[in-house]
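Q: Structure provided below as structure tokens; questions to follow.
Just so it is clear, none of the values below were taken in a lab; they were calculated from the coordinates. Since we're looking at a predicted model, the values are computed, not measured. Because the Cβ atoms are built from the backbone with ideal geometry, glycine has one as well, and the counts that use them run over all protein chains shown.
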Amino acid sequence: MTMIDTDTSGVPARILKSPMHWRNAKHQSHWRSGDEEFDAAKFGMWLFLSTEVLLFAGIFCGYAVFRMLYPEAWANGSHSLDWRMGAANTAILLFSSWTAANAVRLCQLDKQFWFKINILITILCAIAFVAIKFTFEYGIKLPEGKAPGTFFSYPYATDPHEPLWWSLYYIGTGIHAFHVIIGAFLFAFVLWRAHRYQAYGPTQYTLVENSALYWHIVDLIWIFLFPLLYLIH
Amino acid sequence: MSQDTTNASNNLGWDPIDPHGINPHDEAHKGHFVADWKMQISILVILLVFTVLTVGFYNLEQWAETAFEITLPKWINIAGAMSIATVKAILVAAFFMQLKYDKVLNTFVMLFCLFCVALFLGFTMIDLGSRHLVDPERAPPIVAGGTGVGLNAAPVDKKFSLILSPKVNTGGSNIVYYARLHGNEEKPGLLYYREKGDEASFWKKFYGAHASGRDELDERNFYEQLGFTTGTSISDSNASHPRYGLTPGLFSDVDPKTAESQDDGH
């Protein structure tokens, strides 16, 4: 991309004159250029993402330790999860990751309409993910008594350490679902600003890029959580 | 235009006409990678295929187990699922997160983070996997197919026997102190030595060989309640009293000399 398209016909003057519009937006004056600002923001995002990985590393480590100590409880717990729900959620997250990457590309090319559509699809996928998790997983497991820790009251448990499995399951998937919700709000903010001001375009897409990076790391963590919780028994 | 001026007139790395480069129509982001949509959609398809593969592998294994009673070793299940997950994660990071086309610094940050995770998980696993070398009773539980660990290990120590001890009524006191008083089949307790009148053995048992042998029994002056007092008397210039173990009162707030002089005053 060497030339920025200057054709602004069809865009209302209200939006074009807004200081929020990507053509009018200036980078902060302490940066030498918009490029430097963008690179620094992205580097900061990667640092943050590495701390996210470390957060989930604690959960993965707990999983590994308790799996080694109580393999029977872990096998029982894994068998009582429905792999179809996990697989559906995996497909949803992978697809939404693709639409998020698409959104970044379309934003770079200043295709505002399809950019917004892709962001919208990503948000809908986030809602679908959380809905499946809450209705078909938590909503079925909790009434059966398959609850974490002291709340565990499933009468047919065969291993005394099964409450520990459910603690780890709810903490792991719960923190992940919380990240999905945060990502959905990020994209909702992006979508609102894109719709209201056309705030994102070829020279101004830092938040789009960083929200997409956040979304990809959420997807990446689910890529590991899914086999660990659902498939390994 | 400003870009041309910069290149032509100076080597400063910034534009003297527009030093902060705040002209929004500058060619910002001109070098940034714009992904190819064909590449992106093929990555999505590959990721979905890998998801189908890992789920299929899982179901194949389950089917083999129920239909033919073939139980594959656990590591095949784990290695299969985790290697597919790793490939998927690399694809997402390299192409969706564009690490392949991005600055190397970002990749380095993530790799260093993964190195830290590997240290974290690795040392935890080394710890957990080698505990049975120190304490044989901490060997991993028996699993179908066996772990191969401890096949030639020495028999488990008798004191860690799984046969539960008979329930005793300790009268509300700590089981450790109860055991010290009453003893068990192998070792007699303090009460045994008192009944026997073997004072030397009593104090040896009481204090143990080390300061850690002292406990709350001593703070309560329990030995006096049991009927022994000679062990507590302190040698002075007039008389030398033999005693066993540690100096009484060494770790207590009460100064034994003051306590003794008070006794003399009565």
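Q: Please compute, for the alpha-carbon atoms of the range A:55-231, the extent along each of the three principal axes and give them in descending order in Å.
A: Here the spans come out as 58, 28, 24 Å, largest first.
Q: Here's another thing I want to ask about it. Which entries in A:K111/B:K38; B:K38/B:K100; A:K42/B:K103; A:K111/B:K88 show an alpha-carbon gap greater than 19 Å? Can you show the working numbers first?
A: On the way: A:K111/B:K38 17 Å; B:K38/B:K100 16 Å; A:K42/B:K103 10 Å; A:K111/B:K88 29 Å.
Over 19 Å apart, Cα to Cα: A:K111/B:K88.
Q: Which whole-number percentage describes the relative contact order of the range A:55-231, with Cα contacts under 8 Å and a sequence gap of 6 or more? Don't jump to the answer; show the numbers that get you there.
A: Values: 184 pairs, mean separation 59.2, N = 177.
Relative contact order, the range A:55-231: 33 percent.
Q: Only Lys, Arg, Asp and Glu count, each charged at its Cβ (+1, +1, -1, -1), so figure out the dipole size of the range A:55-231 about its Cα centre, rounded to 20 debye.
A: Working: 10 positive and 9 negative charges, 122 e Å.
Roughly 580 debye for the range A:55-231.
Q: Per-residue mean of other chain beta-carbon atoms within 10 angstrom of the beta-carbon, peptide B:117-125? Write out the running numbers ahead of the final one.
A: Working: counts 8, 1, 0, 5, 6, 0, 1, 5, 4.
Rounded to a whole number, the mean comes out at 3.
Q: Quick one: if the Förster radius is 51 Å, what FRET efficiency do B:Y192 and A:L69 give, using the C-beta to C-beta distance and rounding to 0.05? Each step should come with its number before you reach the end.
A: On the way: r = 39 Å, r/R0 = 0.77.
According to the calculation, E is roughly 0.80.
Q: Where the centroid of each part is defined by its Cα atoms, how far is the range B:177-205 from the range A:38-116 in Å?
A: 62
Q: Tally Lys and Arg at +1 and Asp and Glu at -1 over the other residues with C-beta under 14 Å from the C-beta of A:Y214: what net charge comes out?
A: Values: positive: A:K42; negative: A:E52, A:E209, A:D219.
Spelling it out: positives minus negatives among the neighbours equals -2.
Q: Right, here's the next one. A:N89: net charge of surrounding residues, Cβ under 13 Å, Lys/Arg +1, Asp/Glu -1, itself excluded? Walk me through the numbers on the way to the answer.
A: Details: positive: A:R84, A:K133; negative: A:D82, A:E137, A:D219.
Net charge in that neighbourhood comes out at -1.
Q: Ignore the peptide's own chain and count Cβ atoms of other chains within 10 Å of each Cβ in B:48-61; give me the average, rounded.
A: Numbers: counts 5, 0, 3, 9, 3, 0, 8, 10, 0, 2, 7, 2, 0, 2.
That works out to 4 on average.
Q: Could you work out [θ]222 nm for chain A from helices alone, using -39500 (n - 2.57) per DSSP H run of at least four and dividing by all its residues? Round to the nearest 500 deg cm²/dmol.
A: Values: 7 runs with 153 residues, N = 233.
Here the helix-only value at 222 nm equals -23000 deg cm²/dmol.
Q: Another question, if that's okay. Cα axis of helix A:162-197 to longest principal axis of chain A: angle in degrees, 0 to 90, nearest 10?
A: Rounded to the nearest ten degrees, it is 10.
Q: How shielded is A:99-110 by partner chains, expressed as the average number of their Cβ atoms within 10 Å of its Cβ atoms? Provide the component values of the computation, followed by the final result.
A: Working: counts 2, 2, 12, 6, 0, 5, 8, 2, 1, 5, 2, 0.
Other-chain Cβ atoms within 10 Å of each residue's Cβ, averaged: 4.
Q: Then there's this: Testing the spin-label approximation: label points 7 Å from Cα along Cα→Cβ at B:A200 and B:V176. State their distance in nm.
A: Placing both labels 7 Å along Cα→Cβ, they lie 2.9 nm apart.
Q: Sticking with this one: Count the net charge of all other residues whose Cβ sits under 14 Å from the Cβ of B:M110, scoring Lys and Arg as +1 and Asp and Glu as -1.
A: Values: positive: A:K42, B:K100, B:K103; negative: A:E52, B:D102.
Around B:M110, the charge tally is +1.
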